[in-house]
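Participant: Can you read through this structure? Questions will come right after.
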Amino acid sequence: TQLLEQSPQFLSIQEGENLTVYCNSSSVFSSLQWYRQEPGEGPVLLVTVVTGGEVKKLKRLTFQFGDARKDSSLHITAAQPGDTGLYLCAGEKGGSYIPTFGRGTSLIVHP
Amino acid sequence: KAGVTQTPRYLIKTRGQQVTLSCSPISGHRSVSWYQQTPGQGLQFLFEYFSETQRNKGNFPGRFSGRQFSNSRSEMNVSTLELGDSALYLCASTRSQGAGELFFGEGSRLTVL
């Protein structure tokens, strides 16, 4: 059983479209991170959210942490080919040194 | 500031052999963790070291082992390789004692034939 469920698993869109990916769990997390991984590379941290209801913006990317700190979403506005990659969410429970990763959403943005 | 460095980047082994992978964390980071990434299972936690001590271990067989040196560099070893060990092995370091925000290396791509 995957502790963090990400959806959709795959997403193929045209440049300029908007999209949202989701990260859901039945567990409460003290913090949640989003990473982007490009082929042949390691994941790169995009953002950390820690407060229920928190919204963070990173240029065209908007991240939201659910009020109950069990879920999160990533919204991309006007997607560009450079946004192509595997988006991973990772949740950390208080007192645990080990973040749990979702299986990721593979995004392809076509020019 | 140099990032996390993993060596080798690519390697090919045959079943039954053993392999050692190396990871140099970001300067000042004392926690190093290892992950196995496969298309079917995603990122699976292997183990985590802090100040040369293994603090946590994932659900992998004893063939997978690791260690951390006094300079925070870490190695992981896989003995008696199996075909299913083919994967991208990622090392990550963090500045905090908790998991915090992970900084990953580019990974070591292991292929077992």
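Participant: Can you find, within the stretch A:41-63, the residue that is nearest to the other protein chains (Cβ to nearest Cβ) among those that are in contact (Cβ under 8 Å) with a residue 12 or more places away in the chain and in a loop (DSSP other than H, G, I, E, B)?
Facilitator: Among those that are in contact (Cβ under 8 Å) with a residue 12 or more places away in the chain and in a loop (DSSP other than H, G, I, E, B), it is A:PRO43.
Participant: Inside the stretch A:70-111, counting only strands (runs of 3 or more DSSP E) that do not spill past its ends, which hold 3 or more residues that are among the β-branched types (Val, Ile, Thr)?
Facilitator: Correct list: A:105-110.
Participant: Let me ask something else. Can you pull out every residue in the stretch B:83-98 that is among the hydroxyl-bearing types (Ser, Thr, Tyr), modelled with pLDDT of 95 or more and surrounded by 18 or more Cβ atoms within 10 Å (Cβ to Cβ)?
Facilitator: B:TYR89
Participant: Condition first: modelled with pLDDT of 95 or more, in contact with a Ser or Thr (Cβ under 6 Å, 6 or more places away or on another chain) and farther than 16 Å from B:ARG9 by Cβ. Can you find one or more residues in the stretch B:51-65 that meet it?
Facilitator: yes
Residues checked against (1) over 19 Å from B:VAL4 (Cβ atoms); (2) at pLDDT 95 or above; (3) in contact with a strand residue (DSSP E or B) (Cβ under 8 Å, 6 or more places away or on another chain); (4) not charged (D, E, K, R):
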| position | (1), (2), (3), (4) |
| --- | --- |
| A:VAL55 | yes, yes, yes, yes |
| A:PHE65 | yes, yes, yes, yes |
| A:ASP83 | yes, yes, yes, no |
| A:TYR87 | yes, yes, yes, yes |
| A:ALA90 | no, no, yes, yes |
| A:GLY95 | yes, no, no, yes |
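Participant: To continue, here is another question. In the stretch B:30-65, what count of residues is obtained for those that are surrounded by 13 or more Cβ atoms within 10 Å (Cβ to Cβ), within 14 Å of chain A (Cβ to nearest Cβ) and not in a loop (DSSP other than H, G, I, E, B)?
Facilitator: Result for the stretch B:30-65: 21.
Participant: What single numbered condition from (1) surrounded by 21 or more Cβ atoms within 10 Å (Cβ to Cβ); (2) among the aromatic types (Phe, Trp, Tyr); (3) more than 27 Å from B:VAL4 (Cβ to Cβ) fails to hold for A:TYR22?
Facilitator: In the conditions (1) surrounded by 21 or more Cβ atoms within 10 Å (Cβ to Cβ); (2) among the aromatic types (Phe, Trp, Tyr); (3) more than 27 Å from B:VAL4 (Cβ to Cβ), A:TYR22 misses (1) alone.
The values are calculated or read from the model by the stated rules, or taken from the named source; none is laboratory data. Remember, predicted model here, so these are calculated numbers, not experimental data. In this analysis, Cβ positions are derived from the backbone assuming ideal geometry, glycine residues included, and neighbour counts consider all displayed protein chains.
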